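**Q** Quick one: structure below, then a few questions.
The values are calculated or read from the model by the stated rules, or taken from the named source; none is laboratory data. The structure displayed is predicted, hence computed values, not measured ones. Don't worry about glycine lacking a Cβ; one is built from the backbone with ideal geometry, like all the others, and counts go over all protein chains shown.
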Amino acid sequence: MLEYVGQFYRLTRMAGRTTLAMGWLRAGIARKRLVKAAVGPSRNLKRGISMSEAANSVTGDYIQMDQVDWVPFPEGLCKGDIKWKLLHVSPEQGAWTAIFDCKAGSSFAKHIHMGPGEYFLTKGRMHVRGGSVEGGATAVAPGYGYEACNAQHDHTEFDVDSEFYMTFLGPLNFIDDDGNTIALVGWRQVYEAWNAGA
């Protein structure tokens with residue numbers, strides 16, 4: 001690696017981009033060290049599985065979604081039958097991405113988005129913040145939505161079988177009816193919950 005870094009340095013220095021190229025390379029090395037330190041080795045890697053299976057790790061760059069099993073979303077954070085697949089965690093950004101399978105009659109517990117998020121409803125219908133009847137939004141597949149920082153969801157419900165993909169930039173603060181925190185759920189908590197349930 002050091003030899004490669006040295007060669008990279010010399011090549012970019014001749015091209016007049018020494019500072020930028022070395023900064024980029026250092027940032028890439030630092031990012032890998034940060035992720036390894038924050039997340040540690042994947043649970044899958046500990047079991048000694050093949051490299052193709054290891055590529056399906058939530059800390060990697062690619063997930064073959066049909067090779068990942070649906071698992072129940074943690075109790076207390078939802079009502080009814082909601083399953084999920086954790087697709088990626090990004091410790092350096094505090095971000096996480098998942099896909100959710102929500103059966104008719106299910107709902108998420110009251111929560112606040114501490115950071116923004118984006119979702120893509122791939123099937124079904126989702127009533128966000130009570131739906132359009134209560135001043136929120138009713139998303140119908142295929143539909144896209146953006147959740148601003150500090151968006152509060154007292155009611156997120158599914159009246160038909162639904163599925164959506166979402167990236168969260170920051171944690172969700174699950175709260176009770178008085179506004180007290182029940183659970184603060186960020187990338188580390190979903191990573192631990194996923195490894196416990198998968």
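**Q** Scan the range 137-154 and tell me whether some residue there is without any contact (Cβ under 8 Å) to a residue 12 or more places away in the chain and hydrophobic (A, V, I, L, M, F, W, C).
**A** Start the filter on the range 137-154 by keeping residues that are without any contact (Cβ under 8 Å) to a residue 12 or more places away in the chain, which leaves 137.
Now narrow it down to the ones that are hydrophobic (A, V, I, L, M, F, W, C): 137.
Among the residues of the range 137-154, at least one is without any contact (Cβ under 8 Å) to a residue 12 or more places away in the chain and hydrophobic (A, V, I, L, M, F, W, C), which makes the answer yes.
**Q** Determine if the range 185-194 includes at least one residue that is closer than 17 Å to Gly94 by Cβ, modelled with pLDDT of 95 or more and either exposed (fewer than 14 other Cβ atoms within 10 Å of the Cβ) or not assigned by TED's automatic domain parsing to the domain that holds Val89 (or both).
**A** no
**Q** Would you point out which residue out of Phe120, Phe174, Phe168, Phe164 is in the same structural domain as Leu77 (by TED's automatic domain parsing) and in contact with a Cys (Cβ under 8 Å, 6 or more places away or on another chain)?
**A** Numbers: Phe120 fails: in contact with a Cys (Cβ under 8 Å, 6 or more places away or on another chain); Phe174 fails: in contact with a Cys (Cβ under 8 Å, 6 or more places away or on another chain); Phe168 fails: in contact with a Cys (Cβ under 8 Å, 6 or more places away or on another chain).
Answer to the selection: Phe164.
**Q** Would you please name the residue that is surrounded by the most Cβ atoms within 10 Å (Cβ to Cβ), looking only at residues in the range 117-163 that are farther than 20 Å from Asp176 by Cβ and of a type in the set (S, T, N, Q)?
**A** For the range 117-163, the residue satisfying everything is Ser162.
**Q** Then there's this: So which of Ala95, Ala104 is hydrophobic (A, V, I, L, M, F, W, C) and either under 19 Å from Gln152 (Cβ atoms) or touching a helix residue (DSSP H, G or I) at 6+ places or on another chain (Cβ under 7 Å) (or both)?
**A** Step by step, each of Ala95, Ala104 is checked, and only Ala95 is hydrophobic (A, V, I, L, M, F, W, C) and either under 19 Å from Gln152 (Cβ atoms) or touching a helix residue (DSSP H, G or I) at 6+ places or on another chain (Cβ under 7 Å) (or both).
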